[in-house]
Amino acid sequence: MSELLVQEKEVVIPGQILAKGMDFLPAHGTFREEDNIISSMVGLVNLNGRLIKIIPLTGPYIPRRDDVVIGKVVDIGPWGWRVDIRWAYQAMLSLKDATQEFIERGTDLTQFYNIGDILMVRIVNVSGSKVIDLGMKGPGLRKLTEGRMIQITPSKVPRLIGKQGSMITMIKEKTETRILVGQNGNVWISGLDPIKEKVAVDAIDIIDKESQSEGLTDSIEKYLNDKLGIKKEKKVEEKKEEVKEEKESKKKEK
Amino acid sequence: MVKRIDGRKFDELRKMEAKVGVIPNAAGSAMFKIGKTTAIAAVYGPRDFQAYLQNPEVGVLRCNYNMISFSSGGERVRPGPSRRSREISLVTEKALLPAVDLSAFPNAVVDVYVELINTDAGTRCAGISAAAMALADAGIPMRDLVSAVSAGKFKGDFIADLNYEEDSAEEGVDFPIAMMPRTGAITLMQMDGIVEKDDIKEFMKIGKKACEKVYEVQKKALREKYGK
């Protein structure tokens, strides 16, 4: 006799028994021990027929093929570049995947990408031995300049992007910045106006911290409106701004 | 009814408090407070680990236990790096290892730092309880949480969660255990003092019950951070 002990979207913790009996199948984030299916991470339950899956609420970024990520060049060798993509193992960007150009033997590779450069790359392959191959062939894959990188929890990337990009598009449009989100939780922000850029950074920070709260898109919209509205009135009435800021700080506390 | 020095019942634990996510820089962190003993655990990783210790089959768990220099009066235990802290680092690692599944991170390391900011007996247990929550917060795959508490004997009575006076008394027996609450598997068992053979059974009984109480607090703290 099989029995389901949790509900859809319930928050579970490691070691919690999700279901008893052989009628259910363990999927990502769960495992079977004897007759029981047990959660192995903190996350939300997702039921799909007989499959029980956990959508993680925290945890490291796990590289998958064809993910577009943002990483930092940490080493250069004769084979290409080594890139840190916030994963326990460094990823390799080999010469053949890096560029369409012909690179002659002995060329100084720093003229393409140097140590410390931020790259937007695609994961070409993840091998069983955890060696990750990166590629730069594809639309939008390039070296990122003129901007800054911030980091969010990798599991919150889908929340930052929103349904069909609703959240990120809203932030982009309201703050007039360019934002690139890597699947590994690295976010690249470049805006013409540093004040607006700061607002965008703060908004992303709020999303990272309060990703589970309901109606997040609305509250972020309100936050952006408030913040950007204030900036326009700044020169006219300084007092008003102070009052508003007080209100906001109270809101934040809540 | 005879009670203990601080007025607790024999199987009563000190007041517990737990909080998850206390260190923003870490991948996962937790605070566990039991009585006056306060442990803070932070987890970093899985991260690159190019050392002779790396294991190509499975990830390595590396624990470090430390009592902060101002954490105690230093009457009995002097804080800081010592033989004792090395030993407790090791038993912490051994206590946590059966619960974590690092097979997805070969050659990498997960670092667990346990710092005791105030101590009043039961530090290794508080450290393990905090570390288990921190590992869960870091999203490391786990088979179960680990709850730890000490059992013991003081003036002939079997007691749970010894305080400093009971622990340091000459006739006292300290018997810290750690348990994976779902299966009841014991991952840490140490003993300090002279006991009879039959006492061990009693320690296990009282200790397991106490661990379950710790588990309830850990569960609540984790849900508090991630629940709505």
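The values are calculated or read from the model by the stated rules, or taken from the named source; none is laboratory data. Here the structure is a predicted model, which is why all the values come from computation and not from measurement. Neighbour counts are summed over all protein chains in view; Cβ atoms, including those assigned to glycine, are modelled from backbone coordinates with ideal geometry. Side chains included, ligands, DNA and RNA excluded: accessible areas come from the protein's heavy atoms. Shrake-Rupley method; radii C 1.70, N 1.55, O 1.52, S 1.80 Å.
Rounded to the nearest 100, the interface formed by chains A and B buries 2200 square angstrom of accessible surface, both chains summed, with a 1.4 Å probe. Near the amide H of A:Ile52, within less than 5 Å, lie the amide hydrogens of A:Leu25, A:Ala27, all on another chain or at least 5 residues away, with H placed in the peptide plane.
Along segment A:39-49 the Karplus relation, 6.51 cos²θ - 1.76 cosθ + 1.60 evaluated at θ = phi - 60°, assigns HN-Hα couplings of 6, 10, 8, 6, x, 9, 6, 10, 9, 9, x Hz to successive residues, with x for each Gly and Pro.
Restricting segment B:142-228 to GluC sites (Glu not before Pro) that sit in a DSSP loop and have at most 10 other Cβ atoms within 10 Å of their own Cβ leaves B:Glu170, B:Glu196. Each of B:Pro24, B:Ala185, A:Leu228 was scored by the projection of its Cα onto the charge dipole of the protein assembly as shown, and the greatest displacement toward the positive side belongs to A:Leu228; charges sit on the C-beta of Lys, Arg, Asp and Glu. In segment A:68-144, the portion of solvent-accessible area held by carbon and sulfur atoms comes to 50 percent [1.4 Å probe, whole percent, DNA, RNA and ligands not counted]. A Förster distance of 60 Å, applied to the separation of the beta-carbon atoms of A:Glu10 and B:Phe70, puts the FRET efficiency at 0.90.
Fully extending the segment from B:Asp6 to B:Gln190, taken as 0.36 nm per residue of separation minus the present Cα-Cα distance, adds 63.8 nm.
In the structure displayed, which of A:Lys163/A:Lys227; A:Lys96/A:Lys172; A:Lys20/A:Lys130; A:Lys96/A:Lys143 lie more than 27 Å apart, Cα to Cα? Over 27 Å Cα-Cα: A:Lys96/A:Lys172; A:Lys20/A:Lys130.
At most 12 other C-beta atoms within 10 Å and a DSSP loop state: those are the exposed chymotrypsin sites (Phe, Trp or Tyr not before Pro) I care about. Give me the longest piece of chain B that has none.
B:71-228
Amide H contacts for A:Thr58 (H built 1.01 Å from N in the peptide plane; partners 5 or more residues away or on another chain; cut-off under 5 Å): none found. Entry note, chain B: relative contact order of 22 percent, from Cα contacts under 8 Å with a spacing of 6+ residues.
Looking at segment A:81-170, which chymotrypsin sites (Phe, Trp or Tyr not before Pro) are DSSP coil and have at most 16 other C-beta atoms within 10 Å of their C-beta?
Numbers: sites: A:Trp81, A:Trp87, A:Tyr89, A:Phe102, A:Phe112, A:Tyr113; in loops: A:Trp87, A:Tyr89, A:Phe102, A:Phe112, A:Tyr113.
The qualifying sites are A:Phe102.
For A:Leu18, the amide hydrogen comes within under 5 Å of the amide hydrogens of A:Ile37, A:Ile38, A:Ser39, counting only partners 5 or more places away or on other chains and with H modelled in the peptide plane.
Here chain B is assigned +1 on the Cβ of each Lys and Arg and -1 on the Cβ of each Asp and Glu. Its dipole about the Cα centre then comes out at about 560 debye.
With a Förster radius of 45 Å applied to the beta-carbon distance between A:Thr110 and A:Glu214, the computed FRET efficiency rounds to 0.40. What distance in nm separates the two pseudo spin-label positions at A:Asp75 and B:Arg83, each 7 Å out from Cα along the beta-carbon direction? So the two model labels end up 4.0 nm from each other. Here is the link list: A:Lys196/B:Lys19; B:Lys15/B:Lys208; B:Lys3/B:Lys197. Which ones come out longer than 28 Å on Cα distance? Table pairs above 28 Å Cα-Cα are A:Lys196/B:Lys19. With a simple spin-label model that places each label point 7 Å from the Cα along the Cα-to-Cβ direction, the separation between A:Lys20 and B:Glu17 comes to 3.8 nm. For segment A:76-84, the Karplus equation 6.51 cos²θ - 1.76 cosθ + 1.60, evaluated at θ = phi - 60°, returns couplings of 10, x, x, 8, x, 10, 9, 10, 8 Hz by residue, with Gly and Pro reported as x. Each Lys and Arg adds +1 at its Cβ and each Asp and Glu adds -1 at its Cβ; summed about the Cα centre, the protein assembly as shown shows a dipole of about 840 debye. Loop-located GluC sites (Glu not before Pro) across segment B:8-82 with a Cβ neighbour count of 15 or fewer within 10 Å are B:Glu57, B:Glu75, with loop assigned by DSSP. Counting only heavy atoms of the protein chains and using a 1.4 Å probe, A:Asp218 has close to 110 Å² of accessible surface. Couplings 3J(HN,Hα) of segment B:184-190, computed from phi: x, 6, 8, 10, 9, 8, 10 Hz, in residue order, whole Hz [Karplus 6.51 cos²θ - 1.76 cosθ + 1.60, θ = phi - 60°; x for Gly and Pro].
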